[in-house]
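The values are calculated or read from the model by the stated rules, or taken from the named source; none is laboratory data. These numbers come from a predicted model, not from an experiment. In this analysis, Cβ positions are derived from the backbone assuming ideal geometry, glycine residues included, and neighbour counts consider all displayed protein chains. The area values use the complete protein model at the heavy-atom level, side chains included, leaving out ligands, DNA and RNA. Shrake-Rupley method; radii C 1.70, N 1.55, O 1.52, S 1.80 Å.
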Amino acid sequence: GYVDCGDVFNVPQGTIELWFKPATINNNEWLLAKYKDKGNSMVLGFGPRIFLFQVKTNGQYRYVQTGKKKVKPGKWHHVACTFNKDKVVLFLNGIPYRKVSDPGGNYSLDHLAGGSLFIGKGGGKSKEYYNGLISEVRLSNTIRYTRSFKPVRGSFKSDANTVALWKLDGKGNTV
């Protein structure tokens, strides 16, 4: 299943973070996606041989990646992605990855206003679904991480910089 969260998280900078336990790590399995139209979108999940955060603006793709082998099926992982107009960092289990497709690219999400955010599938009419569990999805309008950290398992807390928080703990809204 998946959750259609509506038109949320149209920010120039922020942090996306969540816990996930993949059953598989196949190409086009998206943990999170925001889709405005054919030329403007965002995805977080599995590409052909990579785990990535990708922003598409006016048809141009920009992404940050790490090897898919760093994600083990059947195990819980924490992912956080921090971004702004000039910089993006993907953190997997607290380790930063900065291998980007376009170092000068704009990774902000404010151009996606009017599009829906999905948890557990690709955007729009996509039939690209994530196969696994997702928990504790938090979207923030600030950069929460700037260097390596040790993720703490448990519930995220909402604060003044939290734009949205989905627990997805099996008590409704499960993915």
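You will find that of 152, 100, 79, the residue that is farther than 27 Å from residue 27 by Cα and aliphatic (A, V, I, L, M) is 152 and no other.
Of all residues in the stretch 136-172, those being open to solvent by 50 Å² or more (accessible area, probe 1.4 Å), under 18 Å from residue 92 (Cβ atoms) and not small (Gly, Ala, Ser) number 7. Candidates 158, 148, 140: the one that is at pLDDT 90 or above, small (Gly, Ala, Ser) and in contact with a Leu (Cβ under 8 Å, 6 or more places away or on another chain) is 158. Checked against the criteria, residue 133 counts as part of a strand (DSSP E or B), open to solvent by 40 Å² or more (accessible area, probe 1.4 Å) and touching a Lys or Arg at 6+ places or on another chain (Cβ under 9 Å). Of the residues making up the stretch 42-53, none is in contact with a His (Cβ under 8 Å, 6 or more places away or on another chain) and in contact (Cβ under 8 Å) with a residue 12 or more places away in the chain. Please go through the stretch 136-163 and pick out each residue that is part of a strand (DSSP E or B) and basic (Lys, Arg). Of everything in the stretch 136-163, just one residue is part of a strand (DSSP E or B) and basic (Lys, Arg), namely 138.
Applying a threshold of 9 Å to beta carbon distances and a minimum spacing of six or more residues, or different chains, the list of pairs starting in the stretch 68-84 at a residue that is farther than 21 Å from residue 106 by Cα and aromatic (Phe, Trp, Tyr) and ending at one that is part of a loop (DSSP other than H, G, I, E, B) and open to solvent by 30 Å² or more (accessible area, probe 1.4 Å) reads 76/153. Taking the stretch 1-120 as the region of interest, the strands (runs of 3 or more DSSP E) fully inside it that hold 2 or more residues being open to solvent by less than 40 Å² (accessible area, probe 1.4 Å), touching a helix residue (DSSP H, G or I) at 6+ places or on another chain (Cβ under 7 Å) and not charged (D, E, K, R) are 40-46, 50-57. Considering 162, 82, the condition of being in contact with a Lys or Arg (Cβ under 7 Å, 6 or more places away or on another chain), hydroxyl-bearing (Ser, Thr, Tyr) and over 15 Å from residue 44 (Cα atoms) is satisfied by 162 alone. Per the conditions (1) assigned to a loop (DSSP other than H, G, I, E, B); (2) in contact (Cβ under 8 Å) with a residue 60 or more places away in the chain, the sole criterion not satisfied by residue 127 is (2).
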